[in-house]
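The values are calculated or read from the model by the stated rules, or taken from the named source; none is laboratory data. This one's a predicted model, so the numbers in the text were calculated from it and none came from an experiment. Note: ideal-geometry Cβ built from the backbone for every residue, glycine included; neighbour counts use all protein chains shown. Quick note on the areas: whole protein, heavy atoms, side chains included, nothing else; ligands and nucleic acids left out. Shrake-Rupley method; radii C 1.70, N 1.55, O 1.52, S 1.80 Å.
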Amino acid sequence: MTKRLRFLLPSVLFCFGTSALAAEPVLYYGGDILTMEGEKPHYEEALVESEGRIVYLGSLAKAREKFDNLQNKDLQGRTLLPGFLDAHSHMYNTGLIAQLANLLPPPDGPGANFNSLVTTTKKWMESAEGKFIIGKFGWVLANGYDDSQLSEKQHPTKDVLDKISSKYPVLIMHQSGHLASVNSKALEVGGYTKDTKDPKGGVIRRLADNSPNGVLEEAAFFNLLLPIVATKSDAEVQQRSIELAQVEYAKNGYLTAQDGRTTADATSAFERAAREKSLFIDVVSYPDIVWNKSAVKPEFYNSDRSYVNRYRIGGVKLTLDGSPQGKTAWLSSHYHTPPEGKPLDYKGYPIMSDEVAIKHINTAFKNKWQIIAHTNGDAAIDQYIKAIKVAKKSYGYDDHRSVMIHGQTLRKDQIPDLVDLGILPSLFPMHTFYWGDWHVESVLGHPRADYISPSRDVVEAGLTVTSHHDAPVTFPNSMRVLDATVNRITRSGKVLGPDQRLTPYEGLKTLTQWAAIQYFEETSKGTLAEGKLADFVILSNNPLKVEPLTIKDIKIVQSIKEGHVVYSN
């Protein structure tokens, strides 16, 4: 671990070089050891780990009889359970964006109004991180503004961002990751003028004279940003990004992380990290099937889903629409309040045609690649269902475990299709906190807003559901994920869709056993059982025994990967 990372995180201890993994087995006792096995909570008195595996679960007395030279680990009343598996996020970008100016709205950042966006970014430009990034990329880059939380209730335009810099191109990303605002210099560098046509699958927002106003949606944003990142992310940037991301995931109890739309440069970075043996948690990447399917190669993609020094390719990613809070998701019914300049019947838009979507999913099924698809809007979910039906009929592939990512506006009548086709829903209940009020006021209105991420209904239908954070859209805060899945409380304190809440035990299942099933890793992860990996998280309190509204306050005390203590607070 570098001195730089120690400096960034002085209040916690990361022990990548030291380990509980030793000749002597380690005995855990003195707290709640929650196995996550079975439909009801089950506890064991003691657990023994040896050589990175669980070798015993049972009574404390028998453990001491059976094993010699035990290292004793008294939990002191804390709770030990299986390490968390990240059901969906963008790990590499989480580390990269950690180096950019943080414009997230409170409580995660200072982005409350236009003035705070400007002052925060200018201050970052003078920091060591800012100078490093500007030196590498030649751009001022920031992340996390959210028009729904800004006091102005609108996107900052080029005129606002021109106050940050006229010398450098400036790009600040929307918290959804599906839009961005840029300054005049960035529009000039990108060649965006009033004569530039909207790219396929994207929108350049415009002024009355048709010139760009600085707000870019979907492909218009990605076409500007991705070439910058791809061409200017050198080995130093990539190494720092992976280091920072691992730290962030480990301190939240995630010992398996996902990179859910891997670009070619990020693929190279992960491959290098694997060869250099610098990964201390497991990383599963899903290269973008449109841009980067050539990355799915035997060295890192195997039918047995084995890791190469903690890295493997899990399949491919397909993106079918955009963001509901950014109003680019593709709906079957119009938005409650359309974006500025859009007609009242505006429903968002698809990224691609049905024919193209079917082509990509056929490719995945033909090659027996697991596919995960970004589908926020119910129209995009319809497209995904249609394409999966075609691919299954053409290629079979019974245990495909295709994943519906986000499913924010999943309709009740679509759930039987998910069951019939074996599509696993990975939902995003954190929307209830971060954007629940916005869904009610502007995006969907009642009753559609009450049904976002309908976790209860998919569980009742018998589906294996997971709950995710989509970092860097939000921080990979596992207890905030669990809180949202269980409580569904908005920023203003309202309960959004109380009938869709899960129990705390079910909520933990979405982070452990059910997530392991999504990854095809249920035989080695997700529950505490003899023979499984010694991937543990130790919590300050038991989520099943506290007042549910206090779940978000539970602390990660320690994260242990195959016997190695990778985080200790």
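Values computed for the structure shown
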{"item": "Residues with amide H under 5 Å from that of Gly30, placed H, sequence gap 5 or more", "result": "Leu75"}
{"item": "Protection proxy ranking, peptides 226-232, 156-162, average beta carbon neighbours within 10 Å, highest first", "result": "156-162, 226-232"}
{"item": "Separation between Cα centres of region 370-435 and region 158-208, rounded to whole Å", "result": "32"}
{"item": "Radius 9 Å from Cβ of Arg305, net charge of other residues (Lys, Arg +1; Asp, Glu -1)", "result": "-1"}
{"item": "Among (i) 28.3; (ii) 24.3; (iii) 26.8, the entry derived from the coordinates for mean projected area of the Cα convex hull in nm²", "result": "(ii)"}
{"item": "Burial ranking of peptide ranges 127-136, 509-518 (average Cβ count within 10 Å, highest at the top)", "result": "509-518, 127-136"}
{"item": "Nitroxide proxy distance, nm - points 7 Å out along Cα→Cβ at Lys123 and Asp198", "result": "3.7"}
{"item": "Qualifying lysines (Cα of each under 20 Å from Cα of Lys545; at least 8 residues distant if same chain)", "result": "Lys40, Lys509, Lys555"}
{"item": "Degrees between helix 235-250 axis and first principal axis of the chain (Cα, 0 to 90, nearest 10)", "result": "60"}
{"item": "Label-point separation, Lys494 to Lys393 (7 Å along Cα→Cβ), nm", "result": "4.2"}
{"item": "Relative contact order for region 42-172, counting Cα pairs under 8 Å that sit 6 or more residues apart, in percent", "result": "18"}
{"item": "Nearby lysines by direct alpha-carbon distance to Lys392 (threshold 27 angstrom, same-chain neighbours under 8 apart not counted)", "result": "Lys293, Lys297, Lys317, Lys359, Lys366, Lys368, Lys412"}
{"item": "Protein accessible area in the chain, 1.4 Å probe - carbon and sulfur %", "result": "51"}
{"item": "Within the chain, helix-based [θ] at 222 nm, where runs of 4 or more DSSP H residues each add -39,500 (n - 2.57), nearest 500", "result": "-8500 deg cm²/dmol"}
{"item": "Angle between the chain longest axis and helix 478-487 axis [Cα atoms, degrees, rounded to 10]", "result": "80"}
{"item": "On Cα atoms only, tilt of 264-275 relative to the major axis of the chain in degrees", "result": "20"}
{"item": "Cα-projected label distance for Thr503 with Arg411, points at 7 Å along beta-carbon direction, nm", "result": "3.2"}
{"item": "Among 28-40, 553-565, the order from most to least packed when residues are scored by Cβ within 10 Å on average", "result": "553-565, 28-40"}
{"item": "In range of the label at Asn362: residues from region 374-391 whose backbone nitrogen is under 11 Å from the point 7 Å along Cα→Cβ", "result": "390-391"}
{"item": "Antiparallel bridge percentage (DSSP; both residues within region 65-208; nearest 5)", "result": "30"}
{"item": "Probe 1.4 Å, accessible area per residue of the chain, Å²", "result": "37"}
{"item": "Relative contact order computed over region 23-99 (Cα-Cα under 8 Å; 6+ residues apart), in percent", "result": "36"}
{"item": "Karplus-derived 3J(HN,Hα), 6.51/-1.76/1.60, for each residue of region 96-107, Hz, glycine and proline x", "result": "5, 5, 4, 8, 9, 5, 8, 10, 4, x, x, x"}
{"item": "Förster radius 25 Å - calculated FRET efficiency between Glu39 and Thr523 (Cβ-Cβ, nearest 0.05)", "result": "0.85"}
{"item": "Note, ³J(HN,Hα) from phi for region 563-569, Karplus 6.51, -1.76, 1.60, rounded to Hz, x at Gly and Pro", "result": "x, 8, 6, 9, 8, 9, 10"}
{"item": "Charged-residue dipole, Cβ positions (Lys, Arg, Asp, Glu), the chain about Cα centre, Debye nearest 20", "result": "960"}
{"item": "Net charge, Lys40 excluded, C-beta distance under 15 Å - Lys, Arg +1, Asp, Glu -1", "result": "-3"}
{"item": "For Leu161, net neighbour charge (Lys/Arg +1, Asp/Glu -1) across residues whose Cβ lies under 13 Å away", "result": "+2"}
{"item": "Pairwise FRET efficiency - Val419 versus Thr337, Cβ, R0 = 35 Å, nearest 0.05", "result": "0.55"}
{"item": "Contact order relative to length of the chain, as percent, for alpha carbon pairs under 8 angstrom and 6 or more apart", "result": "17"}
{"item": "Chain lengthening between Lys277 and Asp345 when straightened (0.36 nm per residue, less Cα-Cα)", "result": "19.2 nm"}
{"item": "DSSP bridge orientation in region 119-198 - percent antiparallel, rounded to nearest 5", "result": "40"}
